[in-house]
Amino acid sequence: MIKIPSSEITPEHLFNSRRTFLKGAAALSGAALLAACAPGGGQAATTPADIMPADGLTDELGNPVNSYEDITTYNNYYEFSTDKQSPARLAQNLVTSPWEVEVGGLVNKPRTFAMEDLLTMFDQEERIYRLRCVEAWSMVIPWQGFPLNKLLAEVEPTSEAKFVRFETLYDPQQMPGQRDSYFRWPYVEGLRIDEAMHDLALLATGLYGKELTPQNGAPIRLAVPWKYGFKSIKSIVKIELVDKMPVSLWMAAAPIEYGFYANVNPAVSHPRWSQASERRIGELGRRDTLMFNGYEEEVAALYAGMDLSAHY
Ligand SMILES: Nc1nc2c(c(=O)[nH]1)N[C@H]1C(S)=C(S)[C@@H](COP(=O)(O)O)O[C@H]1N2
Ligand SMILES: [Mo]
């Protein structure tokens, strides 16, 4: 891995991602255009098979992005199903418009944002991020979105705000998995305020140059690339600044297995399996898991002095 001073990493990282993404996006819009002209018309005309990763579309480590098909058909979204294939089908009719995100708690300017406003208030950037699931598989995903810190700046967190708590939509009518009382719904996640302010913490609104699909967390989801995938909460309706560490759905379900931090760490095993390696979806064999999922230069300072085996 090329070492870049941490003071320089963000612009460089973004610039490279942006360039490679835009190159891919140009090719992608061609594919989407062709599909839109195909018989049948309408949105359904663009099938996953029409959208292929463009040559050379990679993350900053040179990893090719996963196919649109992989990204949109292999999902964890327990509100719909606990298997990975079903969310693509069961989430299809999730009503994602109109949509609002309520942002409040320990802030000077609480505000409920209409989704359309979130799309126009902030520049939508392209970011190619690795997603490492706690289940030891991974993907490389081209997102569009904007840094969470830009939204937080709008509401002005007070000095008492120490954590950010996120909530997914609660609607058992639309989300059959929420009728299962094994989990404490709605899905909740949290970040420490300095993690939330980090430029890599993205609110994703799109995927592969298109709108986010329901199974990937439409219309807005978090993407925190140095943490296990479960931190990247989908279909967010509420963001609250709080003074106490939030209890996430996974911490409530199995506190020994899932901690608050959930930083990708090959040296700290899950109680039931090793985290030292992973299966990249679409590849044979396994890859070594990287510390902080390969974002160590950017984020290690957030955890200086912490015992990461205790704060897992
Ligand atoms: N609301 C909600 N968010 C969620 C989940 C979920 O079940 N419900 N699954 C998480 C897990 S375990 C992973 S690995 C990622 C998967 O994101 P993807 O399907 O877009 O790849 O979403 C995360 N966000
Ligand atoms: Mo996951």
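The values are calculated or read from the model by the stated rules, or taken from the named source; none is laboratory data. Computed from a predicted model, the values in this text were never measured in an experiment. Reconstructed Cβ throughout: ideal geometry from the backbone, glycine too, with neighbour counts over all protein chains shown.
Filtering Lys238, Lys231, Lys244 for residues that are touching a residue at least 60 places away in the same chain (Cβ under 8 Å) and within 14 Å of ligand 1 (Cβ to nearest atom) leaves a single hit, Lys238. The strands (runs of 3 or more DSSP E) found entirely in region 93-181 that carry 3 or more residues being of a type outside the set (A, V, I, L, M) and within 16 Å of ligand 1 (Cβ to nearest atom) are 125-132, 137-147, 163-168. Please work out if Asn93 is touching a helix residue (DSSP H, G or I) at 6+ places or on another chain (Cβ under 7 Å) and either within 16 Å of ligand 2 (Cβ to nearest atom) or at negative phi (or both). The answer is no for Asn93. Conditions first: (1) touching a helix residue (DSSP H, G or I) at 6+ places or on another chain (Cβ under 9 Å); (2) in a loop (DSSP other than H, G, I, E, B); (3) among the aliphatic types (A, V, I, L, M). Leu302 passes all but one, so which condition is the exception? Exception for Leu302: condition (2). Of everything in region 164-177 that's more than 21 Å from the chain's Cα centre (by Cα) and touching a residue at least 60 places away in the same chain (Cβ under 8 Å), which residue is surrounded by the most Cβ atoms within 10 Å (Cβ to Cβ)? Among those residues, the one meeting the criterion is Gln174.
Selection over region 228-278 of residues that are part of a strand (DSSP E or B), within 15 Å of ligand 2 (Cβ to nearest atom) and buried (at least 19 other Cβ atoms within 10 Å of the Cβ) gives a count of 2.
Does region 34-63 hold any residues that are more than 16 Å from ligand 1 (Cβ to nearest atom) and either in contact with a Gly (Cβ under 7 Å, 6 or more places away or on another chain) or at pLDDT 95 or above (or both), and which are they? Across region 34-63, the qualifying residues are Ala54, Leu57, Thr58, Glu60, Leu61, Gly62.
Here Lys109 fulfils each of the conditions (1) within 16 Å of ligand 2 (Cβ to nearest atom); (2) touching a helix residue (DSSP H, G or I) at 6+ places or on another chain (Cβ under 6 Å) apart from (1).
Restricting to region 118-134, name every residue that is charged (D, E, K, R), in contact (Cβ under 8 Å) with a residue 24 or more places away in the chain and more than 14 Å from Leu207 (Cβ to Cβ). Hits for region 118-134 are Arg130, Arg132.
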